[in-house]
Amino acid sequence: MKNTLCLEIASLPENVGVARVTLAAFAALDSFSVAEIEEIKVAVSEAVTNAIVHGYRDSPGVVMLRAELEHSRLCIVVEDTGVGIEDIEQARKPAFSTDPERMGLGFVFMESFMDELEVVSAPGAGTRVRMTKTAARHEVREEE
């Protein structure tokens, strides 16, 4: 049976930790290792931070998180209705940021720590980030 989680948080920086800890606890319900849960936490932090910092900038909004967990496979969707991304390909490049105070590594971290990353966005229409990860222990069992 598929387990699901839905969480809506205000676009406040202090809520990044809430999202990170909630998704880590959700992933811990399955066979993810401590190292994999740490990677999930970083990816979630980056996705939620992007929604708050870039999606809503200085205006209030809501960040929606949905997660599904089934057979040691975790799918996470982080979505906002903020300003959107004009050029997704450029935004995914290392060191690119619309904020000069930021390092521009959010998508790089998400991509390196998760198995799959999909970004859908349009100017004025918000952004949807979908990430998936399968527990390594589960993959080993399937191959045996």
How far is it, in nm, from the label point at Glu118 to the one at Glu70 when both lie 7 Å from their Cα along the line to the Cβ?
1.4 nm
Expressed in nanometres to one decimal, the distance between label points 7 Å along Cα→Cβ at Val42 and Leu29 is 2.6 nm
To the nearest 10 degrees, the tilt of helix 15-27 (Cα long axis) against the first principal axis of the alpha carbons of the chain is 20 degrees
With every protein chain kept in place and ligands, DNA and RNA left out, what is the accessible area per residue of the chain? Probe 1.4 Å, answer in Å².
55 Å²
Only helical DSSP H runs with n ≥ 4 go in: add -39500 (n - 2.57) per run for the chain, normalise by residue count and round the 222 nm mean residue ellipticity to 500 deg cm²/dmol.
-10000 deg cm²/dmol
Can you give the longest run of the chain that contains no trypsin sites (Lys or Arg not before Pro) sitting in a DSSP loop with at most 14 other Cβ atoms inside 10 Å?
58-144
Nearest 10 degrees, 0 to 90: helix 34-50 Cα axis against the chain principal axis
20 degrees
Quantify, in whole percent, the carbon and sulfur part of the accessible surface of the chain (1.4 Å probe; protein heavy atoms only).
53 percent
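What FRET efficiency, computed as 1/(1 + (r/R0)^6) with R0 = 25 Å and r the Cβ-Cβ distance, is obtained for Arg57 and Cys6, rounded to the nearest 0.05?
0.50
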Here, the stretch 1-132 modelled as identical Cα point scatterers in vacuum has Debye log10 I(q)/I(0) at q = 0.11, 0.13, 0.20 Å⁻¹ of -0.35, -0.48, -1.15
Report, in debye and to the nearest 20, how large the dipole of the chain comes out about its Cα centre when Lys and Arg carry +1 and Asp and Glu carry -1 on their Cβ.
240 debye
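The values are calculated or read from the model by the stated rules, or taken from the named source; none is laboratory data. Remember, it's a predicted structure, so these values are computed and weren't measured experimentally. Cβ atoms come from the backbone with ideal geometry, glycine included; neighbour counts cover every protein chain shown. The protein model used for the area step is the full one, side chains on, heavy atoms only, and it has no ligands, DNA or RNA in it. Shrake-Rupley method; radii C 1.70, N 1.55, O 1.52, S 1.80 Å.
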